[in-house]
Every structure is written in structure tokens, then in C-alpha cells.
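Everything on this sheet refers to the single structure shown next.
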Amino acid sequence: MTTSHTPKKSLGQNFLHDARYIERIVQAIDPRPGDRVVEIGPGQGALTLPLLRRHGALTVIEFDRDLVGPLADMAAPVGQLEIIHRDVLQVDLTALAGGGRIKLAGNLPYNISSPILFHTLDHAAAIRDMVFMLQKEVVDRMGAAPGSKVYGRLSVMLQAYCQVQPLFVVPPGAFRPAPKVDSAVVRLVPRDPATIGIADRDRFAHVVRAAFGQRRKTLRNALRDVCTPEQFEAAGVSADDRAEQVDVAGFVRLANA
Ligand code: SAM
């Protein structure tokens, strides 16, 4: 694609140019015949073009109007590209899946990576799997275990709804312009809703948010207005613990209690 496009910092535009990492990401996405693949933030097409060559058809969601025309031109000789020119946070991914399940992929705009992850959780039942590149620091948080310094709301919410599989690290030099931090690729596989065991998603999200909102406090204090002593008792979770000590299953029991 033309290089005349000036990257927009406000849209988290760091374009991937290292062919080795592009190939590794496409291999990780691994589209199979019959898969409906949706890419978030195609940008200048670093992943789009190889995905189209391999898979023949692709849907992309891109917010930057300036990139839409060049993407369409680039894709026309290669395969069928459906371009949705919208903010991904406004896209109903369940409706897009049309009763099936989509494969989601993308080198995400880092400035809104967490909102995008939470948005996908709202549509997890319509997603087969996701392969995303994000800041390495975010991937570390997504996969963190209880007791780790970086274990937090993102870890609990992601791990409750998905298997989190960190794949590999990508250095700043693989992008133009180079970001200031390392990046990492992660695969997320939504769990079967029947096995997750969360009775009320909103309640679960509320408990986790409140617990980590004051992560230095004991749960008794952090969840003073949210959980009663009887609920701690029923869940088998100690009110003397802090949020970072409670595993995902503990939060599920507490929210269900
Ligand atoms: N996939 C390309 C690559 O790897 O070179 C571009 C990745 S760049 C990190 C993120 C892309 O997401 C940009 O193309 C940007 O315009 C797009 N983007 C930013 N915010 C968006 C939003 N809210 N919805 C959809 N796309 C967005």
C-alpha cells in the first residue's frame, strides 16, 4: 500500500512491517476452510493481504476513513474483502457472526486494547478464537496467576471467559513507527458458556471490579457494600484476603453466592 499515509497516534497506528513476524501471526491465526475471519484494525494491510491470499475472504473493521479506499484497492485483485468502516467498540460482533462463530484477529490499537478485550467478552459466545497483538505488559496481565503483582481485573475477567495462551514477543523494531514498548501475541479461546459457571455476568463483573478497585484493602473492606459475611462464608473465600490472592474460581463462587 502507499506509504503516503501519516500514522495517527490517536488511533494507535504502529504498522507492522517485519515479514517474519507477519508470517508467524498469520500462522497463529491459522484460518481453516469455512472459517469466517474478522480482522480488527487492518491499517495498511500488513496482516490483511497475507490472510486474504491464504483464505480468499476476510472481513475487516477499520475506523480510519483514510485507510478504507487504499485497503479496498489493495485487496481487489487478491480476494473478497468486506470493509466495515466503524469503531470496533460499536460493532455488534454477535450479529456479525450471524448465528455462527467468527475467528477474530488483529494487531490492536494499543490505546484502546483493554476496552476491545472487554467488548469481545460481551460477544464471547459468537467467537471461536482470537489472536491479538497487544503491549507485552497487557498480555502479561491477561495471563497472570493469583499472587502475581500484575494479577488484576483483566486477568480474572479474561481467564473466566477464555483460555489465555501467550504465544511470542514482538520487538518495537518490527513496527513503523516503532512503539516504545515490547509487544506480544496472544491466543484467546472462549470457554463453553456451560462450563464457566457464572450465574450472573453483571454481578460477576461488579464483584471483580470492586475487589480490584481497592486492591490493597482486604476483601471485607473492598467489598463492604457488595458481599455479606455470609456470602464470603458460602463461597469459601476469606474476607481477610486481598483481591490479588483470590483465584478465578473463588471470584465466581463469591459472585454466585
Ligand atoms: N494491522 C495493521 C498492522 O499490523 O500494521 C495496523 C495495526 S495498528 C496497531 C491499529 C489499527 O487499528 C490502525 O489501523 C487503526 O486505524 C485501527 N483502529 C484504531 N482504533 C480503532 C477502532 N476504534 N476501531 C477500529 N479500528 C481502529
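Only the coordinates and a few stated rules stand behind these numbers; no lab work does. Just so it is clear, the model here is predicted, and its values are computed rather than measured. FYI the Cβ positions are ideal-geometry reconstructions off the backbone, even for glycines, and counts take in every protein chain you see.
Within the chain, what percent of beta bridges assigned by DSSP are antiparallel, to the nearest 5?
50
Select from region 1-85 those trypsin sites (Lys or Arg not before Pro) which occupy a DSSP coil region and have at most 16 other Cβ atoms within 10 Å, ordered by residue number.
LYS8
Determine the shape class of region 201-256: with a ≥ b ≥ c the square roots of the Cα gyration tensor eigenvalues, call it rounded for a/c under 1.5, and otherwise prolate if a/b is greater than b/c, oblate otherwise.
rounded
Report, in deg cm²/dmol and to the nearest 500, the calculated mean residue ellipticity at 222 nm for the chain, where each DSSP H run with n ≥ 4 adds -39500 (n - 2.57) and the sum is divided by the residue count.
-10500 deg cm²/dmol, from helical runs alone.
So how far apart, in nm, are the two label points at ASP87 and LEU11 if each is 7 Å from Cα heading toward Cβ?
That separation, rounded to one decimal, is 1.4 nm.
If you average the C-alpha positions of region 94-117 and of region 199-230 separately, how far apart do those two centres end up, in angstrom?
Going from one Cα centre to the other spans 28 Å.
For LYS180, give me every one of the aspartates and glutamates with a C-alpha distance below 19 angstrom, ignoring sequence neighbours fewer than eight places off in its own chain.
Candidates past the 8-residue exclusion: ASP18, GLU137, ASP140.
Per-residue HN-Hα couplings for region 84-96, Karplus 6.51 cos²θ - 1.76 cosθ + 1.60 at θ = phi - 60°, whole Hz, x for Gly and Pro?
For region 84-96, the Karplus curve yields 9, 8, 7, 6, 4, 5, 9, 8, 7, 5, 5, 5, 4 Hz.
Please report, in Å, the Rg and the Dmax of the chain, where both are computed over Cα atoms only.
19.8, 64
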